[in-house]
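Below is one structure, written out as structure tokens; the observations come after it.
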Amino acid sequence: MMVVSAVLIAIAAWWISTGLVIMIVRRTGGHQLALALSSVTALGGLIAIWFSRDMVTPTGIYLGFFGALALWAWHEVTFLTGKIVGPRRMGLSASVEAGTRFRQAFLAIRDHELALFATGLLLVVAFAGSANPTGWLIYSLMWVMRLSTKLNVFFGAPNAVSEILPARLAYLTSYFRTDRTHSIFIVSIALITALMTGFVFFAAQSSGAEAIIWTLLASFSALALLEHLFLVLPVRDAALWWWAVGTKNNSGAVVPAHLKKKQEGKAAGLVKFAEVGS
């Protein structure tokens, strides 16, 4: 029963936290309010991880888990509001070589990447030796899964955009390749599946609070696998968060011209790597 509860909590947390980030970015009266709300939440998350660092109990595990989600959500809000993105805020230059394309793509999201990495490094350094590693383990898993998603949308995935990208970030879609499925996708799926299988094995061999940790990691790996499949399947992933997307869009979502035909009338959208809990 404890394991089943952990799976359900992980799924609910992923679904609700992603939706809340979408709602905050799209429906708040201004970006300052969105940033303020997410910053307070992130501070609370960091405090939760700190106080739970030696709590090897179900309560401590969930405090670390939700603390990591709160920190991640802050990064997503700063990204989607355009506050922490990268120094290059324009689309891909025409007719560039592969190396140049990669450099331009990295510059477009560099500051966001460095912020994610710095937060992860801080968590590992501060809490790696603690009795309860849930916070930094969950954050690290999300970071690795997000990095995999970014590589896939860069190298090639036919459904690499969805419907909720703010207009201010629409230029990022020019760095995606939607004309093919790159071989890196198969490698990513295999590695994620292997990782998820390992977590399931450890969860089955554990009990109590330790089993909860492995179950949460296994559940988030399964959700990351699902999000990777969204990259190649003609599925409207935004439909999962209909209650957050709504009809009002303060940011003015747009359909980039080069993707309009490909998406067959869909509003172009949120980069997969900007979604919470990959």
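What the table below lists for this structure:
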read-out: Length-normalised contact order of the chain in % [C-alpha pairs under 8 Å, at least 6 apart]; value: 27 percent
read-out: Cβ-placed point charges (K, R +1; D, E -1), dipole of the range 54-177 about Cα centre in debye, nearest 20; value: 460 debye
read-out: Dimensionless Rg ratio for the range 78-134, taking C-alpha atoms and the 2.2 N^0.38 Å reference; value: 1.56
read-out: Over the chain, volume per residue of the alpha carbon convex hull, in Å³; value: 121 Å³
read-out: Between 0 and 90°, nearest 10: helix 58-80 axis offset from the chain longest Cα axis; value: 20 degrees
read-out: Distance-filtered residues of the range 54-92 - backbone nitrogen under 18 Å, label point 7 angstrom along ALA118 Cα→Cβ; value: 71-88
read-out: Cα-based helix-to-principal-axis angle, 134-155 vs the chain, degrees rounded to 10; value: 20 degrees
read-out: Whole-angstrom Cα spans of the range 149-207 along principal axes, big to small; value: 47, 26, 14
read-out: Dipole in debye (nearest 20) - the chain, about Cα centre, beta carbon charges: Lys, Arg +1; Asp, Glu -1; value: 960 debye
read-out: Relative compactness, the range 94-232, computed as alpha-carbon Rg over 2.2 N^0.38 Å; value: 1.20
read-out: Per residue accessible area in Å² of the range 109-179, where ligands, DNA and RNA are left out and the probe is 1.4 Å; value: 32 Å²
read-out: Listed peptides 78-87, 213-222 by packing density, highest first (mean Cβ within 10 Å); value: 213-222, 78-87
read-out: Protection proxy ranking of 131-137, 88-94, 116-122 - average other beta-carbon atoms within 10 Å, highest first; value: 131-137, 116-122, 88-94
read-out: Normalised per residue, the volume of the convex hull around the Cα set of the range 3-158 (Å³); value: 134 Å³
read-out: Hydrodynamic radius by Kirkwood, which averages 1/r over all alpha carbon pairs of the range 10-71, in angstrom; value: 12.3 Å
read-out: Mean separation of Cα contacts under 8 Å, 6 or more apart, over the residue count of the range 87-206: relative contact order %; value: 25 percent
read-out: Linear extension gain, SER5 paired with THR59, 0.36 nm per residue minus alpha-carbon span; value: 18.2 nm
read-out: Stretch gain in nm, segment ALA131-ALA194, where the contour uses 0.36 nm per residue and the Cα spacing is subtracted; value: 20.1 nm
read-out: Histogram of C-alpha separations across the range 161-245, 10 Å bin width, %; value: 15, 33, 31, 18, 4
read-out: Cα-based helix-to-principal-axis angle, 183-205 vs the chain, degrees rounded to 10; value: 10 degrees
read-out: Mean separation of Cα contacts under 8 Å (6+ apart) over length of the range 158-235, as relative contact order %; value: 40 percent
read-out: Neighbour net charge for PHE117 - beta-carbon separation under 14 angstrom, K R +1, D E -1; value: +1
read-out: Protein-only accessible surface order, largest first, of GLU76, GLU210, GLU113 at 1.4 Å; value: GLU210, GLU113, GLU76
read-out: Positive-end extreme of charge dipole, the range 1-110 - chosen from LEU35, ILE24, GLN104 (charges on Cβ); value: GLN104
read-out: Accessible surface of the range 54-178, 1.4 Å probe, proportion on carbon and sulfur as whole %; value: 69 percent
read-out: Length added when fully stretched, GLN32-ALA204, from 0.36 nm per residue minus Cα-Cα; value: 57.4 nm
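The values are calculated or read from the model by the stated rules, or taken from the named source; none is laboratory data. Because the structure is predicted, anything quoted here is derived from the model rather than measured. In this analysis, Cβ positions are derived from the backbone assuming ideal geometry, glycine residues included, and neighbour counts consider all displayed protein chains. Each accessible area value is taken on the protein alone, full model and side chains, heavy atoms only, with ligands, DNA and RNA left out. Shrake-Rupley method; radii C 1.70, N 1.55, O 1.52, S 1.80 Å.
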